[in-house]
1. So how many residues does segment 14-48 have that are outside any strand (DSSP E or B) and within 20 Å of ILE66 (Cα to Cα)?
2. Here is a check on your reading of the model: is LEU77 at pLDDT 95 or above and either surrounded by 12 or more Cβ atoms within 10 Å (Cβ to Cβ) or within 18 Å of the chain's Cα centre (by Cα) (or both)?
3. Out of the residues in segment 132-144 that are at pLDDT 95 or above and surrounded by 15 or more Cβ atoms within 10 Å (Cβ to Cβ), which is nearest to the chain's Cα centre (by Cα)?
4. Yes or no: segment 115-126 includes at least one residue that is in the same structural domain as THR167 (by TED's automatic domain parsing), surrounded by 15 or more Cβ atoms within 10 Å (Cβ to Cβ), of a type in the set (Gly, Ala, Ser) and at pLDDT below 95.
5. Just to be sure I understand the filter: pairs with C-beta atoms under 8 Å, separated by 6 or more residues or on different chains, first member in segment 1-14 and over 20 Å from ARG85 (Cα atoms), second member at pLDDT 85 or above and outside any strand (DSSP E or B). Which pairs pass?
6. Tell me which residues, restricted to segment 1-12, are of a type outside the set (D, E, K, R) and either assigned to a strand (DSSP E or B) or buried (at least 16 other Cβ atoms within 10 Å of the Cβ) (or both).
7. Can you tell which of VAL95, VAL41 is among the β-branched types (Val, Ile, Thr) and touching a residue at least 12 places away in the same chain (Cβ under 8 Å)?
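The values are calculated or read from the model by the stated rules, or taken from the named source; none is laboratory data. This structure is a prediction, so every number in the text was calculated from the model and none was measured. Counting neighbours? That spans all protein chains shown, and the Cβs are built from the backbone with ideal geometry, glycine included.
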Amino acid sequence: MQVLVGPAGSGKTHLAHVWRLASGASLVTAEDLARADLDDVCAHPALVLEDADRFAGGEDTLFHFINLCRERKVDLLMTARALPRDWPFSLPDLVSRLRSFPVVMIGSADDDLLRAVLVKHFQDRQLNVPPHVITYLAARMERSMDAARAIAEALDRKSLERGRPITRQLAAEVLEQPGAKA
């Protein structure tokens, strides 16, 4: 479970769409979730909840939805304009749960979006990549979502081949490979 936060027009929906295609996730908006059968919604293995910070279906419903997703091991990506700590909810358990989720901030700068995309691809592959390596990659790679996916894939493969964690040196090697999206 993760929250993707950024201002309107920052690319949250686009990034969520890319993740949906890669993961086979289903989309539900906060407005639709308020009227949906939670058992049906949580039957999907992966979900995108758009505009989670504007959910108006009752705090108990959102809390139950999140718990059901956890219980069923549903991969959940929520998009929002505000950080979870600023969402208009007061139910203590819900507030605590929301604040426990990893947050990826998307700013208006291209580098910020690219770093967020890289982080998401690495997390999807359960890779722990140091922030300085992600910054290094973002400054030197082609500025596209496809490039971020390809580089995460190549680094995962190289890391596995060598039995080593992903470092700046390994990132440099991948970027120098013929056909790399640098």
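1. Residues that pass the stated criteria total 22.
2. Answer is yes for this residue.
3. So the residue we want is ILE134.
4. Checking segment 115-126: at least one residue is in the same structural domain as THR167 (by TED's automatic domain parsing), surrounded by 15 or more Cβ atoms within 10 Å (Cβ to Cβ), of a type in the set (Gly, Ala, Ser) and at pLDDT below 95.
5. Once the first residue is over 20 Å from ARG85 (Cα atoms) and sits in segment 1-14, no partner that is at pLDDT 85 or above and outside any strand (DSSP E or B) comes close enough.
6. Correct list: MET1, GLN2, VAL3, LEU4, VAL5, GLY6, SER10, GLY11.
7. After ruling out the rest, the residue left standing is VAL41.
Okay, residues lined up against (1) surrounded by 13 or more Cβ atoms within 10 Å (Cβ to Cβ); (2) part of a helix (DSSP H, G or I); (3) in contact with a helix residue (DSSP H, G or I) (Cβ under 8 Å, 6 or more places away or on another chain); (4) β-branched (Val, Ile, Thr):
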position	(1), (2), (3), (4)
ASP146	no, yes, no, no
ARG149	yes, yes, yes, no
LYS158	yes, yes, yes, no
ILE166	yes, no, yes, yes
LEU175	yes, yes, yes, no
